[in-house]
1. How large are Rg and Dmax for the chain when only the alpha carbon atoms are used, in Å?
2. Which entries of Lys28/Lys94; Lys60/Lys262; Lys235/Lys262; Lys235/Lys269; Lys28/Lys69 show an alpha-carbon separation above 20 angstrom in the structure shown?
3. How far apart, in nanometres, would the label points at Lys235 and Glu258 be if each is projected 7 angstrom from Cα along the Cα-to-Cβ direction?
4. Ordering His172, His41, His124 from largest to smallest accessible area (1.4 angstrom probe), what's the sequence?
5. What is the stretch 134-291 by shape, rounded, prolate or oblate, if you read a ≥ b ≥ c off the alpha carbon gyration tensor as root eigenvalues and call it rounded for a/c under 1.5, prolate for a/b larger than b/c, and oblate otherwise?
6. Could you state how much accessible area Val120 has, in square angstrom rounded to the nearest 10, with a 1.4 Å probe and all protein chains kept in place?
7. Rounded to a whole number of µm²/s, how large is the Stokes-Einstein D of the stretch 226-271 at 4 °C and 1.567 mPa s, given Rh as the Kirkwood radius over C-alpha pairs?
8. Given a Förster distance of 25 Å, report the FRET efficiency between Gln79 and Lys209 from their Cβ-Cβ distance, rounded to the nearest 0.05.
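The values are calculated or read from the model by the stated rules, or taken from the named source; none is laboratory data. Quick caveat, the model's predicted, so the values are computed rather than measured. All Cβ positions, glycine included, derive from the backbone under ideal geometry; neighbour counts span all protein chains shown. Note: accessible area is taken over every heavy atom of the protein model, side chains too, but ligands, DNA and RNA are not part of it. Shrake-Rupley method; radii C 1.70, N 1.55, O 1.52, S 1.80 Å.
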Amino acid sequence: IRHWTREEKKEAIRDELRARGIDLDAMKAVYIDYTSVSMDHVMEVADGMTQGNALVLQLKAGSGQLSYKSSVREADGYQVNGTEDLAAIVKAVKKAHEDIWLVGELSCCVDSFMSQRNAVSALHTTDGDTYTDGNGGWIDPTSSEMRSYVIDLGTELADMGFDEILLTNVMHPSVSADQFKYVDENAGEDATSIINSYILSVARSISSKGVKVSAVGTRDAISDPTGTMTGQDIKMFTNVCDRIYCYTDAESYTEYQEACSKYFTVGDKAYRFVPIVSGDLPETECWVLGG
């Protein structure tokens, strides 16, 4: 893994500030989970949308299972490939509904199958145990192989015609970093430096394909950055990501929208925060229903 100097990081952030969050529009999306990604179902949802103009497809779940057949080497190598012809699905959606915005969701640091099947890249405690919790099995966020895997998946989706890549589980377990032994021993002294490095590397690489790149922020990281151990630095995330998504509801989303807004220095703030809700829809320019 290439280590950024302090000055390189500052310059990279300045570059991102000039590029992130611009040329965005309102996005009102329906969420389709990985078990439902098929030609028939995706087209049925696209044809039946009345309030929305976008689809969010879960393409890599926290289990690590892909919902489509990927050409990325690790997908077959670690037996996590799906069977759906995603390129054909994208082509069909775009042909029938050229204005639909397509978002592909990829789980990053939570990947149970990869944690089990790729021992070197799994996240290990200092005792040598593979780390799992209620989220599932974790991969080491300092692993260059696993970063490249997510980058390659995101690049593949961009080449298929996706408009935006949504990165989920870009975080560290809520356990002190000194409890773990990382693949890259020089990765950083705390969770924040490790996750900052991850999001900077992955988001920059995928966005070089001309696709928008966004991430899900946890509610505690957004509302109280000093009170989280997930390593999510929302200021950094807003610098290198086009949008910040957040699981919330129609009543309380404004709390997180306002907290994020102070970090949005370019672009239209109304288009850069996206609440993920179920039930009632929020009165905002962007939302995702389901998820």
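1. Every Cα atom of the chain included, Rg and Dmax give 18.1, 54 Å.
2. Table pairs above 20 Å Cα-Cα are Lys60/Lys262; Lys28/Lys69.
3. 2.1 nm
4. Working: His172 0, His41 65, His124 40 Å².
Of His172, His41, His124, the descending order of accessible area is His41, His124, His172.
5. Details: a/c = 1.80, a/b = 1.28, b/c = 1.41.
Verdict is oblate for the stretch 134-291.
6. 110 Å²
7. 112 µm²/s
8. 0.40
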